[in-house]
Amino acid sequence: MKRREIIEFEVGKMEFGGTSSTIIGKRNVQMKGGITGQKVKASVKKANSQKADVKLLEVLEKSPLETEQACKHFGQCGGCTILSLPYEKQLEIKKQQILDLFESHDIKGFEFLGIESSPNNTCYRNKMEFTFGNEMKDGPLTIGMHKKGRHIDIVTVDGCMLIDQDFIKILTATEEFFRAERLPYYRGNDHKGYLRHLVVRKGIKTNEMMVMIVTSTQLDYDMDKYKDMLLGLDLDADLASVLHCLNDNLADAVKCDELRVLHGRDHIYEELLGLRFKISPFSFFQTNTLGAEKLYSMAREFVGDYKDKVLYDLYSGTGTIGQVLSQKARKVYGIEIVEEAVEAANENAKLNGLTHCEFIAGDVAKTVNSLKERPDIIIVDPPRPGIHKDAVRDISKFNAEEIIYISCNPKTLVVDLQGFESYGYEVKKVRCMDMFPNTPHCETVVLLQRKDK
C-alpha cells in the first residue's frame, strides 16, 4: 500500500466522531467517514506496515444497514453522515462507541444507564450558520453549507432535514434576493467581496426568530430592502430580530466589528425547564432545545439532593445548567472565559430572579483558586478539547463530594476521567444523551464521587 494509491474495500468498524477502522491484511486502515458494510473507493494518504490513513473518494455500494431515506444533499453536505441509518441503529452504534472508549481507557465499575433518544430526530436544530459562495467556479450565487471535503464549494441545503420550514424559507428567499441584487460574495482566497454569512436562530419554545446577515464593509448597500423582504415572508415564527453584522476579519468565521439592528431587537428569548433565557446572535446555547431539557434533567438527577449546597458551574457559558440546578442550591458560582457569555449569564439570572447565582469571567484553571466559598458539588461542561490537566488537578483539590461532568466529546472525556480518578474520584454513573441525531456526535453525563465519601 503506497501513498496516492487508489484502493477499494468494505468498511469495518465505525468509531466515535465519524471515523472508521478497517483491517486490510495486517494493516489498520483509518478513514474519515464510512458506514459499516459500505464498499468504498479511497486514496492512501500515508501508510506503513501496521497502519494506513486513507481519504474516502466514493461510496461504491451502500451498506445493508442503510435503509432510511436520506435528504437530497446526503453525501454532498458534510453534516448528517449517518442519516441513512435507522434512528434506533444510530443510538445503538453511539452507545457501543462510547462504551468502547471507556473500556479502552480502563474505566470500569460504573453503572451504565444507556442512551436517551432526542425528542425529535429531525427538525431539531434551533440555530444554523450558512455561508455565501457558489457551488462551482463561476456558477450563480449560492448560500448554504460547505461541500464535504471542499472548503470553497457551497451547496444550498434547501432539503435539509435538521431544520424546519422557516429556516428553509429564509435560506431560499435570501439566495433569490441577493442573486437578483447581483452582490458579490466574499472570497477567502483574496478577501474581496461583500456577502459572508447568514445566521438564523429560533426559540423553539417561544417561537421567536432571529436573522443576521453578515457582510464585509466593501460595499455601501441599503440592507433595509433585505429586511423588508424578510418581513414579507410567510413564516410560522415571529420574526423578532433582523440584524446586520459588519465583519472585516480575515478568518472564515462569524465575527462582528459592528452590529446594526434592522428590525425588532438584538436578541430573542428561549425557555428551558421553566426558565427564560435571552439569546444574542453570538450566545452559546444548545442547538437542540428539547434535547437540552432532557440533558439537564439527567444532570439534575445525578446531583440528587443538593438542597442548601454550594455548586460550582465551570465552563458555564451563558449559565443555563447552573441556573437550571440553582433552584434548591444555597449558592451557584459560574466561571467562563468568554466575557460576553458571563454578561449574558448574569443577565439571565436576573431575568429569572436567581439572586444566588453569580457568574465570573476568567480561565477556569486560574479562577477556581480565587473563590473563597468551597463547593459541595461541581458541574463541568467543557468545550470539545476537554479540561486542561492543571484544571483537573485544581478542581480535584476542592474535595467536592461529587463532580458532574457533561461532555460533548467522549474522546477527551475519558482522558479527563482518568485524571480525576488519579486524584481520588471514581466514576459511579454514566448516561448518554443523543443531542445530535443523524450526526456522529453525542453528549455524555458522568457522576464522579470521592472514594472516601
If the chain between R374 and K51 were fully extended at 0.36 nm per residue, the gain over the current Cα-Cα distance would be 111.4 nm
Of the listed pairs K202/K227; K94/K169; K62/K429; K331/K397; K62/K294, those with alpha carbons more than 26 Å apart are K94/K169; K62/K429; K62/K294
Residues whose placed amide H lies under 5 Å from that of I24, excluding near-sequence neighbours: V29
Can you list which of the trypsin sites (Lys or Arg not before Pro) found in segment 129-187 are DSSP loop residues with at most 16 other C-beta atoms within 10 Å? K137, R150, R182
Note to self: C-alpha centroids of segment 185-210 and segment 255-327 sit apart, in Å, by 22
Helix-derived [θ] at 222 nm for the chain: sum -39500 (n - 2.57) over DSSP H runs of at least 4, divide by residue count, nearest 500? -7000 deg cm²/dmol
About the Cα centre, and with charges only on the beta carbon of Lys, Arg (+1) and Asp, Glu (-1), how big is the dipole of the chain? Nearest 20 debye, please. 1480
Packing-wise, with mean Cβ within 10 Å as the measure, how do 241-253, 193-205 rank, highest first? 193-205, 241-253
If you find the alpha carbon centre of segment 391-407 and of segment 1-79, how far apart are they in angstrom? 38
State the antiparallel share, in %, of DSSP beta bridges confined to the chain, rounding to the nearest 5. 65
Tally Lys/Arg at +1 and Asp/Glu at -1 over every other residue whose Cβ is under 15 Å from the Cβ of V445; what's the total? -3
So for segment 1-91, using the alpha carbon gyration tensor with a ≥ b ≥ c as root eigenvalues (a/c under 1.5 gives rounded; past that, a/b versus b/c decides prolate or oblate), I'd call it prolate
Which ³J(HN,Hα) values in Hz, rounded to whole numbers, follow from the phi angles of segment 250-256 under the Karplus curve 6.51 cos²θ - 1.76 cosθ + 1.60, where θ = phi - 60° and Gly and Pro get x? 6, 5, 7, 8, 7, 10, 9
Size of the dipole of segment 87-241 about the Cα centre, Lys and Arg at +1 and Asp and Glu at -1 on the beta carbon, nothing else charged, in debye to 20? 400
Once a ≥ b ≥ c are taken as the square roots of the eigenvalues of the Cα gyration tensor of the chain, is the result rounded (a/c under 1.5), prolate (a/b larger than b/c) or oblate (a/b not larger than b/c)? oblate
Share of accessible surface on carbon and sulfur in the chain, whole %, 1.4 Å probe and ligands ignored, is 47
By the Cα gyration tensor axes a ≥ b ≥ c (a/c under 1.5 gives rounded; else a/b larger than b/c gives prolate, otherwise oblate), the shape of segment 262-311 is prolate
What does the charge count around L246 come to, taking other residues whose C-beta lies under 12 Å from its C-beta (Lys +1, Arg +1, Asp -1, Glu -1)? -1
Once phi is turned into θ = phi - 60°, what whole-Hz ³J(HN,Hα) does the Karplus curve with 6.51, -1.76 and 1.60 give for every residue of segment 21-33, x standing for Gly and Pro? 9, 10, 8, 10, x, 9, 9, 9, 9, 9, 8, 6, x
About the Cα centre, and with charges only on the beta carbon of Lys, Arg (+1) and Asp, Glu (-1), how big is the dipole of segment 371-453? Nearest 20 debye, please. 140
Roughly how many Å is it from the Cα centre of segment 412-441 to that of segment 153-183, as a whole number? 37
For segment 265-278, take each phi angle, set θ = phi - 60°, evaluate the Karplus expression 6.51 cos²θ - 1.76 cosθ + 1.60, and give the result in whole Hz per residue in order, putting x for glycine and proline. 10, 8, 7, 10, 10, 9, 10, 9, 6, x, 9, 10, 10, 8
Could you sort the peptides 52-59, 32-39 by per-residue average Cβ neighbour count (10 Å cutoff), highest mean leading? 32-39, 52-59
Just need the relative contact order of the chain here, percent rounded to a whole number, with Cα pairs under 8 Å and 6+ apart. 13
accessible surface per residue for the chain, probe 1.4 Å, DNA/RNA/ligands not counted, whole Å² -> 45
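The values are calculated or read from the model by the stated rules, or taken from the named source; none is laboratory data. In this text, all values refer to a predicted model and were calculated from it rather than measured experimentally. Cβ sites come from the backbone with ideal geometry, for glycine too, and all protein chains shown count toward neighbours. All accessible areas refer to the heavy atoms of the entire protein, side chains included, with ligands and DNA or RNA removed. Shrake-Rupley method; radii C 1.70, N 1.55, O 1.52, S 1.80 Å.
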